[in-house]
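Have a look at the structure below, then the notes.
The values are calculated or read from the model by the stated rules, or taken from the named source; none is laboratory data. Worth saying up front: this structure is predicted, and the values here are computed from it rather than measured. Neighbour counts are summed over all protein chains in view; Cβ atoms, including those assigned to glycine, are modelled from backbone coordinates with ideal geometry. Note: accessible area is taken over every heavy atom of the protein model, side chains too, but ligands, DNA and RNA are not part of it. Shrake-Rupley method; radii C 1.70, N 1.55, O 1.52, S 1.80 Å.
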Amino acid sequence: MKKMTMTGARLLFACLVCTFAFALGGCKTDSETNLVLTTGLDEDEVFRIEEASCSQAEMQIYLANMQNQYEKIFGDGIWNTDLAGKKLESNIKDTALAKIAQIKVMTLLSDQYGVELTDHETELARQAADEYFGTLDKTEIETLGADKDILRKIYREYALADKVYHYIIRDITPEISDDEARTITVEHILFKTYSLDQNGERVPYSEAEKAEVRERAEKVLQKIRAGEDFEAMVSAYNEDNKSIYSFGLGDMEQGYEKAAFDLGTDEVSDIVETEYGYHIIKCLNTFNREETDANKRKIVEKRRREVFSREYDDFADSLMKNLNQPLVDKITIFRDPAIKTDQLMTIYEEHFSGVFE
C-alpha cells in the first residue's frame, strides 16, 4: 500500500536509489554516474573514471555478494525474472557497476575536500579485508580473482567514500517539527479493482467490474455507519494482505493520505479510490510518538542525501568516464553453488559502525 521508497541496501552514504532497475545510461537519478563506452582500457579493466579504475576482480567480488544476498531473500529462481523486458541478471550487473562507480567518484571527491583516512581507519579497513578474505574458500578465491591486496583496496575506498559522505553532510541538522513529521496509524478495508496475470502483473478491472466493487464497498460502509464492528468488517472483506498502516506525509497516494489525515481518532472515512481499489479507512491514532520520531530521522536523512547529491552530481558530471563494454558483457552472475560469499558489507559495518558519525 505504501508508495515505494528506494534505499541503498548497504551503501552507507545512500547513493543507490534503484535497487533492481538501475541501468547505466538509463533513468537519471540524483546520484547516477554514467559510463561512456570507449577503447584504450586494459584487458581486465572494467571501467576507468579519471585515474580511478575498477578491475574485473573487484566487479566479480561485488557482484557475487549482491547476487547471494538477493538469492537468500528471493531464491535462485529470481534471475529468470523480467524487469521491463530485461532479465534481472542484467539489472544486477548494472547495479553493481553503478555502486562501484559511485565509490570511485567519491574517492576522487575526497581530494577536493582534503579528506583522508587516518592510520586507525586504514587499519580497520585492513582488518576487515583480512577477515573477509578468511571467509572465502579456495574455489571462491580462484573464481573471483580475490586476494588480500584487492580486498584491502575495496575496503579502503569504501571507507573513504563513507567518510566523504559524512563530511559533506556534517552540518545538515535541520529542526523537524512534530507537525511536519507527524505519523498516524490507520486500519483499512481494501476492495481490489485489479487482478494479477500469470506474470504477477496487475490487470485493471473493466468499468463494469469496478462499479460492482464500488457497490460492494458502499454496502459495507453502510453497515459500519449503522454500527457494525469495524474489525469484523476487516476480517470479512479486506483484500489487502494487511490492514494496519502507520505513515507520514508523502508516504501514501495523495487521495488516501488526505482522507486519512483528515480523520480524528476512531473516525471512518468515506470510500477512497486509489490505484489498488476502493478503501474504507478508520483512524486508530492521529499521532504516533514513536513513529513520528522515526520519521523525523528519515526526513533529516533525506535532506542530507539531497545536499550530498547536489555536491556529488556537479562533481561527477565533470569527470571522464570510460567503460569496457566487451568485458562487462563477459561477466555474468555465478552459477556455481560453491560461490556463497555474501559478507562483504556485513563485515564492513561490523568494523566501521559509528566511526564516521
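Look at segment 67-93: where a residue is aromatic (Phe, Trp, Tyr) and a partner is surrounded by 11 or more Cβ atoms within 10 Å (Cβ to Cβ) and at pLDDT 75 or above, sitting 6+ places away or on another chain with Cβ atoms under 8 Å, you get Tyr70/Ile78; Tyr70/Ile92; Trp79/Lys87; Trp79/Leu88; Trp79/Glu89; Trp79/Ile333.
Within the option set Leu221, Leu190, being within 33 Å of the chain's Cα centre (by Cα) and under 30 Å from Thr292 (Cβ atoms) holds for one residue only, Leu190. Filtered by the rule that a residue be within 20 Å of Gly145 (Cα to Cα), open to solvent by 30 Å² or more (accessible area, probe 1.4 Å) and under 23 Å from the mean Cα position of the chain (by Cα), segment 323-357 gives Thr332, Phe334, Lys340, Gln343. Tell me yes or no: at least one residue of segment 174-195 is touching a residue at least 40 places away in the same chain (Cβ under 8 Å) and over 30 Å from Ser269 (Cβ atoms). For segment 174-195, residues touching a residue at least 40 places away in the same chain (Cβ under 8 Å) and over 30 Å from Ser269 (Cβ atoms): present.
Kindly indicate whether any position in segment 239-252 is assigned to a helix (DSSP H, G or I) and either in contact (Cβ under 8 Å) with a residue 12 or more places away in the chain or touching a strand residue (DSSP E or B) at 6+ places or on another chain (Cβ under 6 Å) (or both). Quick ask: steps written out before the conclusion?
Our first condition is that a residue be assigned to a helix (DSSP H, G or I); within segment 239-252, this holds for none.
No; the residues of segment 239-252 include none that is assigned to a helix (DSSP H, G or I) and either in contact (Cβ under 8 Å) with a residue 12 or more places away in the chain or touching a strand residue (DSSP E or B) at 6+ places or on another chain (Cβ under 6 Å) (or both).
Considering segment 68-87, the residues that are surrounded by 12 or more Cβ atoms within 10 Å (Cβ to Cβ) and modelled with pLDDT of 80 or more include one that is nearest to Gly200 (Cα to Cα), namely Ile78. Number of residues in segment 226-259 that are of a type in the set (A, V, I, L, M, F, W, C), open to solvent by less than 20 Å² (accessible area, probe 1.4 Å) and farther than 17 Å from Asn288 by Cα: the value is 3.
Tell me, yes or no, whether segment 226-244 has at least one residue that is within 28 Å of Thr173 (Cα to Cα) and out of contact with any helix residue (DSSP H, G or I) (no Cβ under 8 Å at 6 or more places or on another chain). I'd like the intermediate steps shown before the answer.
From segment 226-244, those within 28 Å of Thr173 (Cα to Cα) are none; that's our starting set.
No; the residues of segment 226-244 include none that is within 28 Å of Thr173 (Cα to Cα) and out of contact with any helix residue (DSSP H, G or I) (no Cβ under 8 Å at 6 or more places or on another chain).
In this structure, Ser318 qualifies as surrounded by fewer than 16 Cβ atoms within 10 Å (Cβ to Cβ), more than 24 Å from the chain's Cα centre (by Cα), among the hydroxyl-bearing types (Ser, Thr, Tyr) and at pLDDT 90 or above.
Test Thr265 against the stated conditions and say whether it is β-branched (Val, Ile, Thr) and outside any helix (DSSP H, G or I). Full working, then the answer.
Details: β-branched (Val, Ile, Thr): yes; outside any helix (DSSP H, G or I): yes.
The answer is yes for Thr265.
Taking the criterion of being surrounded by 16 or more Cβ atoms within 10 Å (Cβ to Cβ), touching an Asp or Glu at 6+ places or on another chain (Cβ under 8 Å) and farther than 13 Å from Glu175 by Cα, the residues of segment 286-306 that qualify are Thr292, Arg305.
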